[in-house]
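Colleague: One structure coming up, written as structure tokens, with questions to follow.
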Amino acid sequence: MAAAGRAQAARDRVPRIDPYGFERPEDFDYAAYEEFFSTYLVILTRRAIKWSKLLKGGGGVQRSMTVKRYIRKGVPLEHRARVWMGVSGAQAQMDRNPGYYQRLLQGERSASLEEAIRTDMSRTFPDNVRFRKDAEPCLQGPLYNVLLAYGCHNHGVGYCQGMNFIAGYLILVTKSEEEAFWLLDALVGRILPADYYSPSMLGLKTDQEVLGELVRLKLPAVAALMDGHGVLWTLVASRWFICLFVDVLPVETVLRVWDCLFSEGSKILFRVALTLLKHHQASILEATSVPDLCEKFKEITQGRFVTECHSFMQRIFSEPGSLSRASIARLRERCRARLLVQG
């Protein structure tokens, strides 16, 4: 009864809608979240003071070992847009191309591109009050504009499902269509491998193969179980990569992952995936069927381990062990060649 009372008290204190506009699910553990956040708030306050000193003067954010270290420890929400824009190169691109975003919106439009984007508008974050049609302001308009501009900017990609969730997060963080556009350009054009969101999705398929190779190397028992059941990584992990963990991990955890993604590149995605698998290896190995395996992969992206974003981010830089950019590049080259041969 005491536990139930504490749970209800926590439910009364913690807002039902989070700072980003997402409604908390019915089974949300308010007591566990409140316990975590009481300690995380102290960390956030300390980090905010350090970041304010680092960014004093209002100049651009330049890559450095200090900035990299600070980013790994977390970027306060009020500085996140500025930091992402700086370390990703998006700010430099925007400064070199004044007015380009607006010209894209005012230029010729493709009916098929517009229709594809419109189809996904109502499917984008139905649990977020800011993306609902009756919201004031409604973020569906800015989201549509960013996706349309990007499709016009990059004809080879156009629009691909999954980009709506990524652009949506960028808008929530930056509160700026133009900045969201240039950050999307940084992700799709430079940070992620080529062909991630092209019609063939070869880059995405390659990274799923790379994950399989890394699991064979670092978690052979999990790889053997997957192979024994004939389960492809496409089945269980495609959403991890195509949405960059949006709608997979809790919002604040995704944003902490993205802090490092913009700073250190796409190898961070493998660190997150391997940390999830290694931490839950014993549970995964209990699976006795394909549906059981799929359920295990759903379970490992939920719960306190991923909600407690600060300790989770510390884990992703320790649990997977060595994971260099060069080794990932070699794996990608090998896996890509294999996929091309397979057709």
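The values are calculated or read from the model by the stated rules, or taken from the named source; none is laboratory data. Model, not experiment: these values are computed from the prediction. Ideal geometry is used to build each Cβ from the backbone, glycine not excepted, and the neighbour counts take in all protein chains shown. For accessibility, only protein heavy atoms count, side chains too; no ligands or nucleic acids. Shrake-Rupley method; radii C 1.70, N 1.55, O 1.52, S 1.80 Å.
Colleague: Thr234: net charge of surrounding residues, Cβ under 13 Å, Lys/Arg +1, Asp/Glu -1, itself excluded?
Modeller: Here the count lands on 0.
Colleague: So what is the diffusion coefficient of region 102-174 in µm² per second by Stokes-Einstein at 37 °C and 0.692 mPa s, using a Kirkwood Rh over Cα pairs?
Modeller: 264
Colleague: Residues of the chain: accessible area per residue at 1.4 Å, in Å²?
Modeller: Result: 47 Å² per residue.
Colleague: Of all accessible surface on region 192-320 at a 1.4 Å probe, what whole percent is carbon and sulfur?
Modeller: The C+S portion of the solvent-accessible surface of region 192-320 is 54 percent.
Colleague: Note down the Stokes-Einstein diffusion coefficient of region 96-235 in µm²/s, whole number, using a Kirkwood radius over alpha carbon pairs, 4 °C, and 1.567 mPa s.
Modeller: Rounded, D is 77 µm²/s.
Colleague: Loop only by DSSP, 16 or fewer other Cβ within 10 Å of the Cβ. Give me the GluC sites (Glu not before Pro) in region 8-65 that pass, ordered by residue number.
Modeller: Loop-located and lightly packed - Glu26.
Colleague: For region 47-108 and region 130-170, what is the separation of their Cα centres, given in Å?
Modeller: Between the Cα centres of region 47-108 and region 130-170 lies a distance of 20 Å.
Colleague: What net charge do the residues around Ile171 carry, taking every other residue with its C-beta under 11 Å from that of Ile171, with Lys and Arg at +1 and Asp and Glu at -1?
Modeller: Summing Lys/Arg as +1 and Asp/Glu as -1 gives -1.
Colleague: Still on this structure: List the chymotrypsin sites (Phe, Trp or Tyr not before Pro) in region 136-203 that DSSP assigns to loop (not H, G, I, E or B) and whose Cβ has at most 13 other Cβ atoms within 10 Å. Which are they?
Modeller: Loop-located and lightly packed - none at all.
Colleague: State to the nearest 20 debye the size of the charge dipole of region 65-175 about its Cα centre, where the only charges are +1 on K and R beta carbons and -1 on D and E beta carbons.
Modeller: Rounded to the nearest 20 debye, it is 600 debye.
Colleague: Compute, for the chain, the length of the dipole vector about the Cα centre, with Cβ point charges of +1 (Lys, Arg) and -1 (Asp, Glu) only. Units Debye, rounded to 20.
Modeller: Approximately 1420 debye in magnitude.
Colleague: Taking a quarter of the surface of the Cα convex hull of region 196-343, what do you get in nm²?
Modeller: 8.6
Colleague: Straight-line reach only, C-alpha to C-alpha below 19 angstrom: list the aspartates and glutamates that Lys53 could link to, leaving out same-chain residues fewer than 8 apart.
Modeller: Result set, ordered by chain and number: Glu78, Asp259.
Colleague: With the radius of gyration and the Kirkwood radius both derived from the Cα set of region 58-110, what is their ratio Rg to Rh?
Modeller: That ratio is 1.14, to two decimals.
Colleague: Take region 1-73, drop everything but the C-alpha atoms, weight them equally and run the Debye formula without solvent; then report log10 I(q)/I(0) at 0.14, 0.15, 0.26, 0.28 Å⁻¹ to two decimals.
Modeller: -0.65, -0.70, -1.17, -1.26
Colleague: Hey, what number do you get for the chain at 222 nm if only DSSP H runs of n ≥ 4 count, each worth -39500 (n - 2.57), divided across all residues, to the nearest 500?
Modeller: Counting only the DSSP helices, I get -20000 deg cm²/dmol.
Colleague: Listed here are the pairs Lys278/Lys298; Lys68/Lys205; Lys73/Lys267; Lys68/Lys296; which of them are more than 22 Å apart at the Cα?
Modeller: Result: Lys68/Lys205; Lys68/Lys296 exceed 22 Å.
Colleague: Counting other Cβ atoms within 10 Å, keep those with at most 13, restrict to DSSP loop, and tell me which GluC sites (Glu not before Pro) in region 275-334 are left.
Modeller: Counting only loop positions with at most 13 other Cβ atoms within 10 Å, the GluC sites (Glu not before Pro) in region 275-334 are Glu286.
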